[in-house]
Structure formats: C-alpha cells, structure tokens
Amino acid sequence: MGDFNEMLSSSEKIGGAQLTVSKTQRLSDFLAYSKRIDANVHERIFTWKKFLRGQLIYEKLDRVIFREDCLQLFPNYLVTNGPFTCSDHSYVLLNTAPVHPPRKDTAFKCQHSWACYQDTHNLVKKRWNSHFSGTPMYRLTQKLKKLKLDLKSWSKRTFGNFKHKLERNAKTLLRIEQRLVAQLHSARLNK
C-alpha cells in the first residue's frame, strides 16, 4: 500500500496532460513481473488532486497491491480512499475483515474534551458527593457506574450521535467530490 505515482489506465486520471501508454505500461509491467494484483477500490477512485496552470487534475496515484495468496487470506477485503482534506493526497484504507458481527453494547469512552465543559464538572461533583452503603471499593464502583450513565446521557443530549453525524457528513462530502469530478471545468465549483 502506498504512493506509486503511476496509473494503470486513462480512467485513473481526469484533467491535465494526456496520459501516455508508456506511463500506464510501467505499473502494469511491474504488477505482471512481481505477480501482484491491484486491489479494487470502493467509491472514490482518485487519491491525488491538484490545481495546476488553471486546471484541476485528479489522479489515482496511491493504491493497495496484493500478492495473489493474500486474496485467499482476505477474500472480503475492502479498500476505500478517503476525502481530500489538508493534503493533495487522500488516505487509502485497507480493511481485511469488513464484515463484523454487530456489537450489543460499545465500551464507554470518556472523551478528553469533555473536561472543557462545566456540565461535566457538575456531574462529577454530584456523583462524588452521593452516598452509598458498603465497603469503600463498592462505594467507589457505584459512584463510577452512576457517573458513567450520567456522562453517556449528557453526551447524547449535548452532541447527539457522532457515528450517524460522521456517516452523514462523509456521504455529503462524497457527493460534493463527485460533483467536482463531474464538472471539472466549472470555475464556480473548483476554486
């Protein structure tokens, strides 16, 4: 997996100078010689974007390459290219086990940023000052259990469901990128 700076076909480039046959032949020859396979990509195919000489260019320069035996080890692999953020390259994500059984309950994770909110300070004080009967360790675990429930509830009220928001925003970003690629020469979209 990495930045190969080579393309296999003209479909892996939009904009800029025409792709030559010799340029696509190098990667093809390498794959044949080394008995490697270029992994299929889900959704976004382009991994590099640049605005050069007044023209927007998209290319697939980064890729995942497998040995043939890896396909037998990971038959359900999934390769996705991320969005363009602060670099001219997008990330490439290889998931070798994309199908996971659904979890019944996810582990509680207290986010470091929550300490910046006065509400969380108040919740901690409230739970720490609550009284339980039992040994010191039992009282501590009960306070932590109650605090966990309070923080989960507070997080849901304050921020909503992060996973759904991230998925929705990723879909929106993908639609925008697809419009940019489809209307490559639109001055309004590709500034």
- On each of the three principal axes of the Cα atoms of the stretch 80-177, give max minus min coordinate, whole Å, ordered largest first. 57, 32, 21
- Task: Return the FRET efficiency for the residue pair Asp69, Ser9: r is the Cβ-Cβ distance, R0 is 25 Å, and the value is rounded to the nearest 0.05.
- Result: 0.50
- Qualifying trypsin sites (Lys or Arg not before Pro) in the stretch 1-110, DSSP loop, other Cβ atoms within 10 Å at most 11: Lys35, Arg53, Arg103, Lys104, Lys109
- What's the center-to-center distance, using Cα atoms, between the stretch 1-77 and the stretch 131-182 in Å? 37
- Query: Under unit Cβ charges (Lys, Arg +1; Asp, Glu -1), what dipole magnitude, rounded to 20 debye, does the stretch 112-159 have relative to its Cα centre?
  - Reply: 140
- Query: How large is Rg over Rh for the chain, taking Rg from the Cα atoms and Rh as the Kirkwood inverse mean of 1/r across Cα pairs?
  - Reply: 1.17
- Item | Size of charge dipole - the chain - debye, nearest 20, with Cβ of Lys, Arg +1 and Asp, Glu -1, no other charges | 1380
- Note on the structure: Too long for a 23 Å Cα-Cα cut-off, among Lys49/Lys171; Lys49/Lys165; Lys109/Lys171, are Lys49/Lys165; Lys109/Lys171
- Item | Per-pair calculated FRET efficiency, R0 = 35 Å: Ala170 and Lys125 via Cβ, rounded to 0.05 | 0.40
- Kirkwood Rh over alpha-carbon pairs of the stretch 112-159 plugged into Stokes-Einstein at 4 °C, 1.567 mPa s gives a D in µm²/s of 114
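Read the figures in this text as sums done on the coordinates, not as results from a lab. Just so it is clear, the structure is predicted and the values come from calculations on it, not from any experiment. When we count neighbours, we look across all protein chains shown, and the Cβ atoms used for this are built from the backbone with ideal geometry, even at glycine.
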